[in-house]
Amino acid sequence: MSALTRKLLKTILGVMLLSVIPIGVFASSPLYQGKEFAKETKKLSKKLKEEKWQVYDSNQPLDVAIKNYYLKLEKGNLQSLTVEAVGNDEHVALQKAQHRANAQYAAQQETYVSRDVNITVSNEVVDEFKSSSEFDQTVQTKVDQKIRSLRPEVTLIRKTSNANVEVKMLFLISK
C-alpha cells in the first residue's frame, strides 16, 4: 500500500468521526478503482463493524451498503454528506441527524441558489424583484424545494455505552 493510499485511508477514517463531512473528493480519486477500491471499502466496513455500527432499516450487510455507497459516489456526479447525531432513543437520534443534514445541505444550497437567482435577475429586463425580501423569499423557496428531496443513502445505528442511540447518515448529493 502506497503512502498516499495510507494517508487517504487515515484521512477518510478520521473524517468519518466528524459530525458533518463532505468526503466526495476522496472517493473520486483514481486510487478507488478495482482491487484497491474493494480493499479500502472492506477496511472501512471492518472498522465500522468493530465500532458496533449496523445498517438501519435495511437487509443489506454493512460491507455491501458501504461498498454500494462509494460505488455510486465514484460513478456519479455526486458528493457525500455525512451527519451524526445522538439521542435517547432511535426516533430522536434519526430526527436530529435528518435536521443536521437539512441544515448543512440548506447552507450549501443557499449559496448556489442565490447565485442562480442573481444570474436570472441580472439577465432579465423585467422588474421582478422589487425588494431584497422578495429575493430572499425566492431563494428560500428554491432551497426548501431542494431539501425535500434529501434522503440518506445509508443509515447506520448503534447503541452507546450510556444507553443512548447514535446515528450516522450517509447522503449522496448532486453537484
### Message
Just to check your reading of the model, which residue among A106, A101 is at pLDDT below 90, among the small types (G, A, S), open to solvent by less than 60 Å² (accessible area, probe 1.4 Å) and outside any strand (DSSP E or B)?
### Response
A106
### Checklist (1) among the aliphatic types (A, V, I, L, M); (2) under 24 Å from D144 (Cα atoms); (3) open to solvent by 50 Å² or more (accessible area, probe 1.4 Å); (4) modelled with pLDDT of 90 or more applied to V86, failing item
(2)
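Consider E51 carefully, then state whether it is charged (D, E, K, R), farther than 21 Å from L150 by Cα and open to solvent by less than 40 Å² (accessible area, probe 1.4 Å).
On the way: charged (D, E, K, R): yes; farther than 21 Å from L150 by Cα: yes; open to solvent by less than 40 Å² (accessible area, probe 1.4 Å): no.
Considered against the rule, which asks whether it is charged (D, E, K, R), farther than 21 Å from L150 by Cα and open to solvent by less than 40 Å² (accessible area, probe 1.4 Å), E51 comes out as no.
The values are calculated or read from the model by the stated rules, or taken from the named source; none is laboratory data. Source: prediction; values computed, not measured. Each accessible area value is taken on the protein alone, full model and side chains, heavy atoms only, with ligands, DNA and RNA left out. Shrake-Rupley method; radii C 1.70, N 1.55, O 1.52, S 1.80 Å.
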